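The values are calculated or read from the model by the stated rules, or taken from the named source; none is laboratory data. What you see is a predicted model, and the numbers here were worked out from it, not measured in a lab. All Cβ positions, glycine included, derive from the backbone under ideal geometry; neighbour counts span all protein chains shown. Calculation scope for accessible area: heavy atoms of the full protein, side chains included, ligands and nucleic acids excluded. Shrake-Rupley method; radii C 1.70, N 1.55, O 1.52, S 1.80 Å.
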Amino acid sequence: MLDAYIGVLVLWPLVAGLACLVLQSPGVRSALVLATGAALAVGALGVASQAPFTANPGFLSSETALHVAEAAAFVFPAYFLLRGLMRKHLLVILFSCAQLALAAFGVTQLPAAPAAQSAVVCDGLSLALLLVVSFAGSFICIFALPYMKHHEEHLHLKVSRQPGFFLVLLAFLGFMNGLALSNDLRMFELFFEATTLCSFLLIGHDNTEEAKTSAFRALWINCLGGVFLHSGILLAQKQFNLVDISALVNPALWTGASMLPIALLALAGCVKAAQMPFQSWLLGAMVAPTPVSALLHSSTMVKAGVFICLRLSPVLQGTVTGKILLLVGAFTFFATSALALGQSNAKKILAYSTIANLGLIIACAGIGTPVAVSAGIVLLVIHAATKGLLFLCVGDMEQTIGSRDLEDLRGMVSKSPVTALAAVAGAMAMILPPLGMLVGKWAALEAAAQSPVAMVLMALGSALGVVCWVRFAGTLLSGKAIKPKASPTSALTSMPILAMLASAVGLGMAAPWLNALLLPEASAASALSGGWGLMPSLFVVAMLGWIIGMKVLGRQSAATLSTPYIGGLPSVEKGTYVGPLGRTWVLSEGNEYATELFGEAKLTKFLGALAGALLLALVGGAII
Amino acid sequence: MNLTTFYLAVAGLILAPLLGGLVAGVDRVVTARLQSRMGPPLLQPFYDVGKLWSKIIAPASHWQGLFVRWALVASLASDVLLAAGADVLMCFFVQAASASFVAVGAFCGSSPYSKLGAQRELFQLLAYEPVFLVAILCMAKVSGGFDAYSFMASQQPLLFKLPLLIPGLLFVVLVKLRKSPFDISASHHMHQEVVRGVYTDYAGRDFALLEIAHWADVVVVLWICSFMWATSALSMVITAGLFLFAALVIDNISARLTWRHMLKVVAPACLILATANLLWLYME
């Protein structure tokens, strides 16, 4: 039965995607996407009911499967090389050649490593990623159905390109599930590279020049990540003749041994998670249609990067490599939070904030203690729900008003109330106690007690994040004298948004219990102490606040509003007033983005150089 | 949670706002004396709130009442957490939530001054939050735990190990009490360039509740400052009193700074001092 569940999780999306491609009809496509959502939900719950477990399903463990993985190590880079040659993109050519060379070296020069004891190992971490992919992923794919229809209407396409789009989008879900479950490094690499391919294809989907440039930037950076991953795998194979992940993450194995393979694998994770100085590919990826940004570049694919770091955390605990990784993550958390503050493009704000939170999770992995790692996993799950929600909301609002600039989203609450309020709730869920993101941040801060510098960086990043999200929520709610003119939304749009809202808030509130579930039994007894233990009583307080607030809202929402205080006489014309010098002034509003402090142009290079130095130290520290 | 904790929590819930109101009264009397005036009676802030409560004024936004209540709940909750000896970092985050609600409520308003004030309020938040957080981390490092009781249980005053925190904590007190030179987001006196900034659009009952929330905030901030010399209850009160008095004196002798100056000069300076102190603790 377990093998069947795993088969559904990994293979069904691919099959459904191919069916989308062949059958073309929009009705069939909608049915297939909805069916995939249902199938993944069943599969994920089936797997969750058995976890933790190990399994050996044929399609992941047989000789043929391993040969496929071995071949894929050549096929993916070869395809990247081909695309690089067609576009004459030097960096893509360079790094895909390096990947090919590494693959050839592995096959010819190293003895074949024995297959992993069990092809699938499912623990709390894999289950967390699996559930995120299966649920958040399905919601976002459903959201994509009406979104892409509007999107193509807007672009005036003659022939719909949706079948191909949904093939990649759905197949991607299967690859992510495979990545979460596989215990053989070669299978892991197969899925890792497959997600790079999906990301490349989806970023370039719109075929505009900007989309192509961004797609190739994502490709070369992720090819570089692939080089790190492959060389890490080969080195580990050389050192221990092992490709079994669960055997490799045994700290006893690494005492006295060179940590270089671990550092390289962590570095590959940092590239995938777009940590500074590799953040540019994720920002470029924002040109893709919003469901892509929500699914690949926030909820799931970038989580593969932090997933591998968390997977390595037992080995990292207490080592120099771990300490540097903690600094790397904390620094990115701080730096990208600052960059987010200087942005008025809503999708860029979300992108920077995504990178920041991934940095926080990587910092947790660097600490490596069970308390920190479970905080990291809780952050992974809740961030996926919350940020997925925010992306869906911004995408919907963008389609409503035709702009993704925060200044144009001002007062959105009167134009599309449901989406805007969901976005406000999402923004608040990022920063407010007693919800999970804040508590995760709290737990990370206290777990980082070994490194004062990391703690200060986290404190700074935390304050920057609060300001960013309060401003975001405040701008959406901003009062304006516009009569509500709610636009109709498709059920396929509002349903995923509301489902994501429910999971963001629900998971946010369930965080203390998730945390307790993830901790090993020895420390589970004390799991609900300190801040986590306060949460249940804070929930009671929050509920009380909710009830009081809603009562007042009900009373006030009928009240007649006062005229705005503008320090002058309102004049007949709307939005103007008679002010100083007896002149008529036109009222205009705007946020202060303090670009002199947080501007992208000013900060990126400097912070990128610092982050690059940290990454060099990560590898260098492992060599010495 | 045992019964003592419960009683302490209830005491915190009731006493903290009252104490905050008294602090506001003392503030007004001392400020008046510094300016050679008689000043209002000590309980004037309570009368003011009572009068505000009796006024029914049309709100500037449908949402403000909601955010005012949430701010009040969060502020009171942070007092209760401290009183019950809970995690001080979490108490800090709850208090920051209250500040966020005030800013969001101001964004919801219709007056441009209110929104301008909200922007500045956020920059203030950005300036003092890291300093305050690092100060708490320093205290936790010295006292060996994050809960309020271990902060108060240390035999030696934390001040001796944390001298560099004083400027930072004073900065936090000035910002949170909305005192010059950092009364940037809600100018203390009306008819200035931001009118009342973040408070412009709050009126009547909402404003009365907001005032109580502010009292609760002030108590949290002064309480955390008083951990610097927490060998006995009396020494804590004196420490908090000294911080308050210093803030009042600075308020009376300085003019308002711009938010740029606060964010570019004052906050980094305070943060660097606090960080230096933290690093120094790790060197020992």
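In plain terms, the C-alpha convex hull of segment A:558-613 casts an average shadow of 7.8 nm² when viewed from every direction. Stretched out straight at 0.36 nm per residue, the stretch from A:His150 to A:Glu210 would grow longer than its current Cα-Cα span by 19.6 nm. Think of a 1.4 Å ball rolled over the protein heavy atoms: the protein assembly as shown then has 36 Å² of accessible area per residue.
What total accessible area, in Å², is buried where chains B and A meet, using a 1.4 Å probe and rounding to the nearest 100?
Working: alone 13160 and 24800 Å², together 32760 Å².
Its buried surface, counting both partners, is about 5200 Å².
Axis of helix B:112-143 versus longest Cα principal axis of chain B: the two differ by about 10°, to the nearest ten degrees. Using a simple spin-label model with pseudo-atoms 7 Å out from Cα toward Cβ, A:Ala4 and A:Asn250 lie 3.5 nm apart.
Relative to the compact-globule estimate of 2.2 N^0.38 Å, the Cα radius of gyration of segment B:1-94 comes out at 1.36. Multiplying each eigenvalue of the alpha-carbon gyration tensor of segment B:3-283 by 5 and taking the square root yields semi-axes of 29, 21, 19 Å, largest first, rounded to whole angstroms. For chain A, a crude dipole built from +1 on the beta carbon of Lys and Arg and -1 on the beta carbon of Asp and Glu, taken about the Cα centre, is about 1100 debye to the nearest 20. A Gaussian network model of chain B, with springs between Cα atoms under 10 Å, assigns the largest mean-square fluctuation among B:Ile57, B:Ile14, B:Ile136 to B:Ile57.
Residues of segment A:556-573 whose accessible area (probe 1.4 Å, heavy atoms of protein chains only) drops by at least 50 Å² once all protein chains are present, relative to their chain alone: A:Gln556, A:Leu561, A:Ser562, A:Tyr565. Its Cα centre serving as origin, segment B:3-283 has a Cβ charge dipole (Lys and Arg +1, Asp and Glu -1) of approximately 480 debye.
Hey, which of these cross-link pairs are over 23 Å Cα-Cα: A:Lys602/B:Lys176; A:Lys574/B:Lys51; A:Lys212/A:Lys347; A:Lys212/A:Lys415? Please list the in-between numbers first.
Numbers: A:Lys602/B:Lys176 31 Å; A:Lys574/B:Lys51 34 Å; A:Lys212/A:Lys347 18 Å; A:Lys212/A:Lys415 33 Å.
Violating the 23 Å Cα-Cα cut-off are A:Lys602/B:Lys176; A:Lys574/B:Lys51; A:Lys212/A:Lys415.
Taking a straight Cα-Cα cut-off under 16 Å and skipping sequence neighbours fewer than 8 places away in the same chain, the aspartates and glutamates within cross-link reach of A:Lys323 are A:Glu446.
Note on the protein assembly as shown: Rg/Rh from Cα positions, Kirkwood definition for Rh, rounded to two decimals, is 0.98.
Using the alpha-carbon atoms, what tilt in degrees (0 to 90, nearest 10) does helix A:162-181 show relative to the longest principal axis of chain A? The helix A:162-181 is inclined about 60 degrees to chain A.
Exactly which trypsin sites (Lys or Arg not before Pro) in segment A:158-240 are in a DSSP loop and have at most 11 other Cβ atoms within 10 Å?
Working: sites: A:Lys158, A:Arg161, A:Arg186, A:Lys212, A:Arg217, A:Lys238; in loops: A:Lys158, A:Arg161.
Hits after loop and neighbour filter: A:Lys158.
For the pair B:Ile272 and A:Ala71, label points projected 7 Å from Cα toward Cβ lie 6.2 nm apart.
Interface burial in segment B:126-167, defined as at least 20 Å² less accessible area with all protein chains than with the chain alone at a 1.4 Å probe, covers B:Leu126, B:Glu129, B:Pro130, B:Leu133, B:Val134, B:Leu137, B:Phe146. Along the charge dipole of chain B, which of B:Tyr128, B:Val10, B:Ala140 sits closest to the positive end, that is, farthest toward it, with unit charges on the beta carbon of Lys, Arg, Asp and Glu (+1, +1, -1, -1)? With unit charges placed on the Cβ atoms, the residue in question is B:Tyr128.
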